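See structure below.
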Amino acid sequence: MSLRSVAAVAFAAVLAVAVTACSAGTPASPTAESGPAAKTVSARGSITVFAAASLTATFSELAKKFEAAHPGVSVETSFAGSSELVAQISAGAPADVFASADTATMAKLTTASLVAGAPVNFATNVLEIAVPPKNPAAVRSFADLARPGTKTVVCASVVPCGAATVAVERSTGVALSPVSEENSVTDVLGKVSSGEADAGVVYVTDVKAAGSSVRGIAIPRAKQSVNTYPIAVLKGAANPTTARAFDRFVTGPIGRSVLVAAGFGAP
């Protein structure tokens with residue numbers, strides 16, 4: 001072999017070793033779509049989520065799942081009647097995300113230009129009658145709620161569950177005379193489960209979540225008054241990036257599975 005050939009072979013060998021060492025010592029840069037960083041790249045810090053009272057169980061669970069998927073992120077939740085939450089937000093209460101029990105209530109914030117982008121519908125719900133386990137008033141139908149002496153509790157008409165109840169009254173021709181009108185569906189359920197009321201009009205999801213503390217009685221006409229739940233990031237959000245990530249989490253596969261398990265319907 002000539003001297004020139006020997007030099008060429010030696011140079012090629014050195015070059016190969018250098019390339020191999022460089023490849024081994026300099027790993028590829030991680031991307032947002034791969035590796036552990038993928039879960040935290042778009043979410044950090046803390047957010048405050050305002051949600052309808054009927055979402056208490058599901059959103060409490062989703063908040064924990066979101067925090068688990070995004071280490072270091074904190075989700076604070078506040079539950080109440082949708083109209084009450086809108087009043088708080090309109091008055092300047094700090095919140096990043098709002099989930100309403102109906103589109104009409106969310107529209108109030110949209111009209112006031114307090115929502116960033118268009119709200120997204122993520123679930124539906126229908127009304128059901130809740131009675132104590134032994135059903136002392138022998139309630140069997142929506143019409144039974146109007147019987148003299150029956151202590152019926154409903155949501156106030158300004159609350160989504162109350163507005164839906166009014167719609168059922170109109171469609172059935174049954175006019176209720178409730179002993180109490182509450183500001184949230186959880187308050188109605190509380191009066192029934194405690195025995196303060198003979199019956200209450202709540203959502204099917206509330207009856208399911210209450211377990212053995214109440215019994216549910218279907219309202220056939222309720223299917224004509226389905227409540228659609230929208231969620232939106234608020235314009236004044238202190239942490240809009242994480243707020244958007246939570247919004248996507250709720251409307252994504254994990255959020256859907258949790259909502260379906262709780263009895264919510266598809267939007």
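Brief remarks follow.
- Subset of the range 157-168 that is surrounded by 20 or more Cβ atoms within 10 Å (Cβ to Cβ) and out of contact with any Cys (no Cβ under 9 Å at 6 or more places or on another chain) - its residue that is nearest to A222 (Cα to Cα): V168
- If you filter the range 86-114 down to residues that are among the polar types (S, T, N, Q) and either modelled with pLDDT under 95 or closer than 17 Å to R244 by Cα (or both), you find that the one that is surrounded by the fewest Cβ atoms within 10 Å (Cβ to Cβ) is T110.
- Selection status of N239, within 26 Å of V49 (Cα to Cα) and outside the structural domain of S82 (by TED's automatic domain parsing): no
- Checking V207, V192 one by one, the residue that is in a helix (DSSP H, G or I) and more than 20 Å from the chain's Cα centre (by Cα) is V192 and no other.
- Filter result for S60 (surrounded by fewer than 17 Cβ atoms within 10 Å (Cβ to Cβ) and under 18 Å from P240 (Cα atoms)): no
- Residues (touching a Gly at 6+ places or on another chain (Cβ under 9 Å) and under 19 Å from G252 (Cβ atoms)) located in the range 67-81: V73
- Of the residues making up the range 83-99, not one is more than 18 Å from A118 (Cα to Cα) and touching an Asp or Glu at 6+ places or on another chain (Cβ under 8 Å).
- Among the residues of the range 115-146, those identified as under 22 Å from the mean Cα position of the chain (by Cα) and of a type in the set (S, T, N, Q) are N121, T124, N125.
- Test: residue in the range 98-108 that is of a type in the set (S, T, Y), under 21 Å from E169 (Cα atoms), in the same structural domain as E196 (by TED's automatic domain parsing) and touching a residue at least 12 places away in the same chain (Cβ under 8 Å): no
- Looking only at the range 169-185, and only at residues there that are surrounded by 22 or more Cβ atoms within 10 Å (Cβ to Cβ) and within 25 Å of the chain's Cα centre (by Cα), the one that is farthest from L127 (Cα to Cα): E182
- Only a single criterion out of (1) in the same structural domain as E182 (by TED's automatic domain parsing); (2) surrounded by 15 or more Cβ atoms within 10 Å (Cβ to Cβ); (3) touching a Ser or Thr at 6+ places or on another chain (Cβ under 7 Å); (4) not charged (D, E, K, R) is not satisfied by S83, namely (1).
- Top-ranked residue in the range 221-267 [being part of a strand (DSSP E or B) and of a type outside the set (S, T, N, Q); ranked as nearest to A209 (Cα to Cα)]: G265
- Among residues of the range 170-193 that are assigned by TED's automatic domain parsing to the domain that holds P160 and touching a residue at least 24 places away in the same chain (Cβ under 8 Å), those with a beta-carbon under 6 Å from a residue that is among the charged types (D, E, K, R) and surrounded by 22 or more Cβ atoms within 10 Å (Cβ to Cβ) at least six positions away or on a different chain give the pairs V185/D206; V188/E182; L189/D206.
- Some residue of the range 77-95 being free of Cβ contacts under 8 Å to residues at least 12 places away in the same chain and under 14 Å from I231 (Cβ atoms): no
- Considering only residues in the range 199-218 that are touching an Asp or Glu at 6+ places or on another chain (Cβ under 9 Å), of a type outside the set (V, I, T) and over 24 Å from S100 (Cβ atoms), the one that is surrounded by the most Cβ atoms within 10 Å (Cβ to Cβ) turns out to be A199.
The values are calculated or read from the model by the stated rules, or taken from the named source; none is laboratory data. Quick caveat: nothing in here was measured; it's all calculated off a predicted structure. Don't worry about glycine lacking a Cβ; one is built from the backbone with ideal geometry, like all the others, and counts go over all protein chains shown.
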